[in-house]
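**Student:** I have a structure I would like to understand better, so I am pasting it below and will then ask my questions one at a time.
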Amino acid sequence: MSEAITIKGLKVAYESDIEILRGVDVLGGANTLTAIIGPNGAGKSTLLKGVAGVAPVTGGEIHLGGQRIEALNAAQRVGAGVSFVPQEASVFGQMTVLENLRLGGWHRRYDKAWLERRIAFCGDLFHSIKPHPERRAGDLSGGQQKLVEIARGLVSEPRPLLPDEPTAGPSPVMAREVYREIARLKESRSATVLLVE
């Protein structure tokens, strides 16, 4: 079940003397879509990376439901239910769509019945990738690949899903589909989404 995410006074610094974020507060309600927008270089992607544990948090708090997670490493945050979809392409092109989705549940790979249910569910979410489960992901269009990445992020039943600029790169037609499918997640109230664009 997805839960609210609350960020209080978040600070992120890649170098000890260069703070990128200096005390950011964000509230993402449970089962809602919260969009973070702003100009290039404002620190939007850094915010998501800080929440996901792939950028160094130097201060503040991150609450996921009733749990504080800022002290957890990236792998522990995945175990706590954080799912980050980076802006950079992260699809495994030589693997099929299904194989890519299976990686989304890697931390629960021994629970085979659960994993197969989640793969089937997430593989059916997005209309443009649903017909292609056995196709190599690298042969799909850029927008379809982004939908594979989002579907893979949803396999783990994330408490928050963190897509970083999911429409960067795909054609305008595919960008509209990416937005349409993310909006469907909001309408079904099936995920807490904290989106950067």
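The values are calculated or read from the model by the stated rules, or taken from the named source; none is laboratory data. No experiment lies behind these values; they were computed from the predicted model shown. Because the Cβ atoms are built from the backbone with ideal geometry, glycine has one as well, and the counts that use them run over all protein chains shown. Accessible surface is based on the protein model in full, side chains and every heavy atom, while ligands, DNA and RNA are left aside. Shrake-Rupley method; radii C 1.70, N 1.55, O 1.52, S 1.80 Å.
**Student:** Can you give me the accessible area per residue for the chain, using a 1.4 Å probe, in Å²?
**Tutor:** On a per-residue basis, the chain sits at 48 Å².
**Student:** In whole Å, what are the extents of segment 56-134 along the principal axes defined by its C-alpha atoms, from largest to smallest?
**Tutor:** 45, 30, 21
**Student:** In segment 10-98, what GluC sites (Glu not before Pro) fall in a loop by DSSP, with at most 13 other Cβ atoms inside 10 Å?
**Tutor:** Glu88
**Student:** Give me a comma-separated list of calculated 3J(HN,Hα) values for segment 42-51, in order, Karplus coefficients 6.51, -1.76, 1.60 applied at θ = phi - 60°, integers in Hz, x for any Gly or Pro.
**Tutor:** With coefficients 6.51, -1.76 and 1.60, one gets 7, x, 4, 5, 4, 4, 5, 5, x, 5 Hz.
**Student:** Here's something else I'd like to know. What do you reckon, how do Glu99, Glu197 stack up by accessible area (1.4 Å probe), largest on top?
**Tutor:** Glu99, Glu197
**Student:** Tell me, what % of the accessible area of the chain is carbon and sulfur with a 1.4 angstrom probe?
**Tutor:** 54 percent
**Student:** Dividing the alpha-carbon radius of gyration of segment 128-171 by 2.2 N^0.38 Å (N being the number of residues), what value is obtained?
**Tutor:** So segment 128-171 has a normalised radius of gyration of 1.19.
**Student:** Now, a different point. If you find the alpha carbon centre of segment 138-188 and of segment 52-100, how far apart are they in angstrom?
**Tutor:** 16 Å
**Student:** With the Cα gyration tensor of segment 19-177 giving a ≥ b ≥ c as the square roots of its eigenvalues, does the rule (a/c under 1.5 for rounded; else a/b larger than b/c for prolate; else oblate) give rounded, prolate or oblate?
**Tutor:** Taking the square roots of the gyration eigenvalues as a ≥ b ≥ c, segment 19-177 is oblate.
**Student:** Can I ask one more? Let me spell out the model: positive unit charges on the Cβ of Lys and Arg, negative unit charges on the Cβ of Asp and Glu, origin at the Cα centre of the chain. What dipole size does that give, in debye rounded to 20?
**Tutor:** About 480 debye.
**Student:** Sticking with this structure for a sec: With the contact rule set at Cα under 8 Å and sequence spacing of 6 or more, what percent relative contact order holds for segment 52-113?
**Tutor:** 26 percent
**Student:** A further question follows. Indicate the gyration tensor shape class of segment 1-92 (rounded, prolate or oblate), computed on the Cα atoms with a ≥ b ≥ c the square roots of the eigenvalues: a/c under 1.5 is rounded; otherwise a/b larger than b/c is prolate and the rest oblate.
**Tutor:** The shape class here is rounded.
**Student:** Separate question: How about Lys130: which aspartates and glutamates have a C-alpha closer than 16 Å to its C-alpha, ignoring those fewer than 8 places off in the same chain?
**Tutor:** Partners found: Glu99, Glu116, Asp139, Glu149, Glu177, Glu181.
**Student:** From the Cα gyration tensor of segment 99-197, with a ≥ b ≥ c the square roots of its eigenvalues, which class applies: rounded if a/c is under 1.5, or else prolate if a/b is larger than b/c, or else oblate?
**Tutor:** It is oblate, given that a/c is not under 1.5 and a/b is not larger than b/c.
**Student:** Using only Cα atoms, tell me the angle between helix 142-155 and the longest principal axis of the chain; keep it within 0 to 90° and round to the nearest 10.
**Tutor:** Around 70 degrees separate the two axes.
**Student:** Just tell me which lysines come within less than 28 Å, Cα to Cα, of Lys44; anything on the same chain fewer than 8 places away is out.
**Tutor:** Once the sequence-local lysines are set aside, what remains near Lys44 is Lys8, Lys11, Lys146, Lys186.
**Student:** Per-residue HN-Hα couplings for segment 160-169, Karplus 6.51 cos²θ - 1.76 cosθ + 1.60 at θ = phi - 60°, whole Hz, x for Gly and Pro?
**Tutor:** Along segment 160-169, the couplings run x, 9, 10, x, 9, 6, x, 9, 6, x Hz.
**Student:** Residue farthest toward the positive end of the dipole of the chain, with Cβ of Lys/Arg at +1 and Asp/Glu at -1: which of Leu147, Leu115, Thr46?
**Tutor:** Towards the positive end, the residue furthest out is Leu115.
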